[in-house]
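Undergrad: Before anything else, here's the structure in question.
The values are calculated or read from the model by the stated rules, or taken from the named source; none is laboratory data. This structure is a prediction, so every number in the text was calculated from the model and none was measured. Neighbour counts run over all protein chains shown; Cβ positions are idealised from the backbone, glycine included.
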Amino acid sequence: MSVSTLASFEYLERLPGTTFRRLYQQPSTALAIFRRMLPHLAKTFVMALLYMSKPFPLTDLDLWVNPNSKRERDKALQLLSRLYIITVTPPSRDDPQTITLTQKFGESLRLALTGGGEHNSFGVPSNDSVAEGVDLAFLDEYAREQWEGILHYVVNSVGQSMGGGGQGPTDAVKHLLEAGQLVTTGRHSGKGITQAGFSFLLQEVNAQVWTLLLLWIENAEKMELDSVEVLSFLFMLGSLELGRAYSKDTLTDSQRQMLPYLVDFGLVYIPRSSSGHFFPTRLATTLTSDASALRSVSAGFDAASSAGGAKGFIIIETNYRLYAYTDSPLQIAVLSLFTRFKARFPNMVSGRVTRKSVGNAISHGITSDQIITYLSTHAHPQLVKNASIHGGPVLPPTVVDQIRLWQIENERMKATPGFLFKDFENGKEYEGCVKYADEIGVLIWKNDFKKMFFVTRVEQLRDYIKSKKLK
Amino acid sequence: MNAVDGSDHYEVAAEGPAPSLLVIVLDTNPHAWALLAPTLPLSKAIANILVFINAHLAVNNANQVAVVASHSHRAVWLYPRPPSSVEDVEMSDMTSPHLDNANKYRPFALIEDSLLTSLRELISTTTEADISTTTTTQMAGALTLALAYINKATINYTGISTETKTTQTAVDTNEAPIGLQSRILVVSVSGDLAHQYIPIMNTTFAAQRLRIPIDILKLAGDTVFLQQASDATKGIYMHLRSPQGLLQYLMMAFLPDQMSRKHLIAPSQEVVDFRAACFCHRKVVDVGFVCSICLSIFCSPPEGAICLTCSTHLSLGDYGAKPAVVPRKKKKRKKINGGVDTGSARGTPAPGE
């Protein structure tokens, strides 16, 4: 689950260093990136470095980290330097390698922890008379309506008429969905859902929000919005408190320009009577929440939506029978993408996951991982409870394996973009590089006989080979 | 292709790192802080600890924190504040300027405010009589409060789902496959805690059972039992040689939770002092007497040879008899001095009739 949400951050990883330096000027952004994007060990490193006055020698870090966890250590360091959070001095003969936090990030995170400064990046609460009737339940209901409107629009484009579902999203959102190729407006069959649209539907809410927001950011440049500004604003929204009114006065012009879009997404609510302030909804305040926290958050969100049913509603048995305690047309529609339903009752539907139904889904471009993630995210509390008691997986392993096998039936090949290394001078050089690539977790394939190997990322390995050449 | 094998089953269950609960037991013994004031005044230490708390909360937004003060005569909650009816009005107008500060993440501001308020309250309600009567701190009470809180938090975290799962109103069921990870950090400044030997060891064993590490950050003084507590619960024990660097120590050694500690080499104590305190005079003893029935420890044979704990009549054998000239006797006495006088047929104290 965390994997799917983290995937939406791949966009950030692609940003150039200058963008990061600008992003890190806001303490709220530094905090959000720290909290949301870093693996656990990397957070530990950052915190240890945060108040360190001198550069930290890499050799000391090795002493601190358990030798068995070298792999995790290297992964953490790699990600940190990719996000421009730490700088590792290039290896040279005179000085030992040291690591330091980049100045901007360190400053901002320190400011975030201690408070102070004049950045106003955590939002200015409004003290004006707060609009009547804006409470948590109202905001949740509002956010749910807006969001389900969007989802309904995507689902309805499959052709299964759900009926109802409010007035649907605004035109701006519709354009965005088309621009992002979540739905297509093909000539021959009217509107259609795309493969991206299917994966969008199967994600959890938080990931969906990010997917849409990132689409929006990518399109924002066309609307003459600065992507850095948009991102900092989103990260700021993530640090606001649910149910409080915030003042619009301190926002920059472009941020104010963004508000209408966010209202369309249901991230922000602006009361009609008073335009001086806005309310972040649960969708906004959980933008930077962790995967583990999201479980509870989405529970709160779903529970607030009276019609949507409880968060965990799917029970799947080892015999592939599936029971879904829901009456939400949206959820049933999503489930029916890969399940053959047999019976429908007022509060539940039952069906079976079959080879044909899964195969059908896969032919639409849904992957087995998406199905499995969806099932485990929405697993009934009873399944989750049993799993935690016995320490086993949430879903029956037979079903999980079978769904994977069904996918593999058709997919005998998996493509991984990357880089091939070959023509090494000698076996020793080859072995050193392979070992290093494996340690930093980029190695995909190797052939010792032919002295070739294949990696997904090349930057660190390039530095490594350069440093080897130096010596 | 290799993805379909047994090892992949558990990926579905494994999620992001579990949130952790950090309970800080802050030793606010006025005597000890007065001694420490030239190097590290309390205000500075609190400021450092606040940053540390914020850092802990920053790591994961489901992380929780609680702070107990172990004062000279009582143990008090600093955060979360115990619900009290009197303080409500006072608090609301004291907090408003802080909390609307847009330059501070609101959860951080809330905690800081509440912690400082209750700490001020605690200090202002401490009378001279309180200070003069005792020089130590209520560590055992504070640890007990911490354990009770952890227990409650754990039940809250996992239990709700099991209780209310049948009802539709299960709003905040946050069941995660891995439960809440809790740990206790004791910031200790006081020395001798021998008079609380039994309660401290009891809390230690309770923590050990619950797999809650007790980390000890020793700023001053030396306590045998806190060393044992951290050793038994696989916590970290650190005696700071330079208390000025408190924050760096906190950030580096004490911030990692159980998950990341697996990957790190934790600072360990070279020698653990395993001595115990006697039950009669609360003295730390190297060699003592042990009741053969209830294993109570005494520094000298209890009066009338009756165990103070279980009231068993103990026969002390020849202990205390004038050393005789017979060489055999001399050997015997040596054995008795060895604490447990096993091996001799007569010497083992047996319950009296």
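Undergrad: Return yes when B:ALA206 is in a helix (DSSP H, G or I) and either within 14 Å of another protein chain (Cβ to nearest Cβ) or closer than 26 Å to B:ALA62 by Cβ (or both) and no when it is not. Break it down stepwise before answering.
TA: Working: in a helix (DSSP H, G or I): yes; either within 14 Å of another protein chain (Cβ to nearest Cβ) or closer than 26 Å to B:ALA62 by Cβ (or both): yes.
Spelling it out, B:ALA206 is indeed in a helix (DSSP H, G or I) and either within 14 Å of another protein chain (Cβ to nearest Cβ) or closer than 26 Å to B:ALA62 by Cβ (or both).
Undergrad: Please tell me if A:LYS414 is more than 11 Å from chain B (Cβ to nearest Cβ) and basic (Lys, Arg). Can you show your working first?
TA: Values: more than 11 Å from chain B (Cβ to nearest Cβ): no; basic (Lys, Arg): yes.
Criteria not met by A:LYS414.
Undergrad: Would you be able to tell me the number of residues in region B:267-323 that are at negative phi and in contact with a helix residue (DSSP H, G or I) (Cβ under 6 Å, 6 or more places away or on another chain)? Let's see the steps before the verdict.
TA: Going residue by residue through region B:267-323, those that are at negative phi are B:267-281, B:283-294, B:296-303, B:306-310, B:312-316, B:318-319, B:321-323.
Next cut, in contact with a helix residue (DSSP H, G or I) (Cβ under 6 Å, 6 or more places away or on another chain) only: B:267, B:272-273, B:275, B:277, B:284, B:314, B:316, B:319.
Summing the residues that are at negative phi and in contact with a helix residue (DSSP H, G or I) (Cβ under 6 Å, 6 or more places away or on another chain) in region B:267-323 gives 9.
Undergrad: Just one of (1) out of contact with any Leu (no Cβ under 9 Å at 6 or more places or on another chain); (2) modelled with pLDDT under 80 trips up B:LYS152, so point out which.
TA: Going through (1) out of contact with any Leu (no Cβ under 9 Å at 6 or more places or on another chain); (2) modelled with pLDDT under 80 one by one, B:LYS152 breaks only (2).
Undergrad: Return the residue satisfying two criteria in turn: it lies in region A:65-80 and is without any contact (Cβ under 8 Å) to a residue 12 or more places away in the chain and part of a helix (DSSP H, G or I), and of such residues it is farthest from the chain's Cα centre (by Cα).
TA: A:PRO67
Undergrad: Related question: Considering only residues that are over 25 Å from the mean Cα position of the chain (by Cα) and of a type in the set (Asp, Glu), look in region A:399-411 and name the one that is farthest from the other protein chains (Cβ to nearest Cβ). I'd like the intermediate steps shown before the answer.
TA: Just the residues of region A:399-411 that are over 25 Å from the mean Cα position of the chain (by Cα), to begin with: A:399, A:402, A:405-406, A:408-411.
Okay, now just the ones that are also of a type in the set (Asp, Glu), so A:409, A:411.
Values: A:GLU409: 11, A:GLU411: 9 Å.
Across region A:399-411, the extreme among qualifying residues is A:GLU409.
Undergrad: Before we move on, is A:LEU109 at pLDDT 85 or above and within 14 Å of another protein chain (Cβ to nearest Cβ)? Spell out the reasoning first.
TA: On the way: at pLDDT 85 or above: yes; within 14 Å of another protein chain (Cβ to nearest Cβ): yes.
Yes, satisfied.
Undergrad: Is it the case that some residue within region A:460-468 is free of Cβ contacts under 8 Å to residues at least 60 places away in the same chain, more than 14 Å from every other protein chain (Cβ to nearest Cβ), more than 29 Å from A:GLN203 (Cβ to Cβ) and not in a helix (DSSP H, G or I)?
TA: Going residue by residue through region A:460-468, those that are free of Cβ contacts under 8 Å to residues at least 60 places away in the same chain are A:461-462, A:464-466, A:468.
Now narrow it down to the ones that are more than 14 Å from every other protein chain (Cβ to nearest Cβ): A:461-462, A:464-466, A:468.
This time we only want the ones that are more than 29 Å from A:GLN203 (Cβ to Cβ), so: A:461-462, A:464-466, A:468.
Keeping just the survivors that are not in a helix (DSSP H, G or I) gives none.
The answer is no; no qualifying residue exists.
Undergrad: Being of a type in the set (Lys, Arg), assigned to a helix (DSSP H, G or I) and at pLDDT 80 or above is the requirement here; does A:LYS43 meet it? I'd like the intermediate steps shown before the answer.
TA: Details: of a type in the set (Lys, Arg): yes; assigned to a helix (DSSP H, G or I): yes; at pLDDT 80 or above: yes.
Here the answer is yes, as A:LYS43 does meet what is asked.
Undergrad: Among the residues of region A:362-414, count how many are surrounded by fewer than 21 Cβ atoms within 10 Å (Cβ to Cβ), hydroxyl-bearing (Ser, Thr, Tyr) and over 19 Å from A:PHE313 (Cα atoms).
TA: 3
Undergrad: Checking the condition within 26 Å of the chain's Cα centre (by Cα) and more than 23 Å from B:THR204 (Cβ to Cβ), which residue from B:ILE297, B:ILE265 passes? So that I can check it myself, show each step before the final result.
TA: Values: B:ILE297 fails: more than 23 Å from B:THR204 (Cβ to Cβ).
Going through B:ILE297, B:ILE265 in turn, just one is within 26 Å of the chain's Cα centre (by Cα) and more than 23 Å from B:THR204 (Cβ to Cβ): B:ILE265.
Undergrad: Is region A:369-378 home to any residue that is among the charged types (D, E, K, R), outside the structural domain of A:ALA196 (by TED's automatic domain parsing) and under 30 Å from A:SER328 (Cβ atoms)? Working first, answer last.
TA: Keep residues of region A:369-378 that are among the charged types (D, E, K, R), which gives A:369.
Of the ones still in play, those that are also outside the structural domain of A:ALA196 (by TED's automatic domain parsing) are A:369.
Next cut, under 30 Å from A:SER328 (Cβ atoms) only: A:369.
Yes; the residues of region A:369-378 include at least one that is among the charged types (D, E, K, R), outside the structural domain of A:ALA196 (by TED's automatic domain parsing) and under 30 Å from A:SER328 (Cβ atoms).
Undergrad: What number of residues within region B:251-301 satisfy the criterion of being polar (S, T, N, Q), within 10 Å of another protein chain (Cβ to nearest Cβ) and not in a helix (DSSP H, G or I)? Full working, then the answer.
TA: Residues of region B:251-301 that are polar (S, T, N, Q), as a first pass: B:258, B:260, B:268-269, B:292, B:296, B:300.
Applying the additional criterion that residues be within 10 Å of another protein chain (Cβ to nearest Cβ) yields B:260.
In the following step, the residues that additionally are not in a helix (DSSP H, G or I) were identified as none.
Adding up the residues that qualify gives 0.
Undergrad: Counting only residues that are in contact with a Gly (Cβ under 7 Å, 6 or more places away or on another chain), facing another protein chain (nearest Cβ under 10 Å) and not in a helix (DSSP H, G or I), how many does region A:362-398 have? It would help to see each step written out before you state the result.
TA: Keep residues of region A:362-398 that are in contact with a Gly (Cβ under 7 Å, 6 or more places away or on another chain), which gives A:378-381, A:384.
Narrowing the set further to residues that are facing another protein chain (nearest Cβ under 10 Å) leaves A:379-381, A:384.
With the extra rule that they be not in a helix (DSSP H, G or I), the set shrinks to A:379-380.
Looking only at that region, the number is 2.
Undergrad: What residue, among those in region A:205-221 that are in contact with a Ser or Thr (Cβ under 7 Å, 6 or more places away or on another chain) and not hydroxyl-bearing (Ser, Thr, Tyr), is surrounded by the fewest Cβ atoms within 10 Å (Cβ to Cβ)? Show your work before the answer.
TA: Of the residues in region A:205-221, the ones in contact with a Ser or Thr (Cβ under 7 Å, 6 or more places away or on another chain) are A:205-207, A:210-211, A:214, A:217, A:220-221.
After this cut, where a residue has to be not hydroxyl-bearing (Ser, Thr, Tyr) as well, the list is A:205-207, A:210, A:214, A:217, A:220-221.
Details: A:VAL205: 22, A:ASN206: 24, A:ALA207: 24, A:TRP210: 21, A:LEU214: 21, A:ILE217: 19, A:ALA220: 21, A:GLU221: 11.
Filtering region A:205-221 for residues that are in contact with a Ser or Thr (Cβ under 7 Å, 6 or more places away or on another chain) and not hydroxyl-bearing (Ser, Thr, Tyr), the one surrounded by the fewest Cβ atoms within 10 Å (Cβ to Cβ) comes out as A:GLU221.
Undergrad: Please go through region B:214-232 and give me each residue that is buried (at least 23 other Cβ atoms within 10 Å of the Cβ) and part of a loop (DSSP other than H, G, I, E, B), ordered by number.
TA: B:THR223
Undergrad: All but one of (1) under 30 Å from B:GLN181 (Cα atoms); (2) away from chain A (no Cβ under 14 Å); (3) part of a helix (DSSP H, G or I) hold for B:GLN244; state the number of the condition that does not hold.
TA: All conditions are met except number (2).
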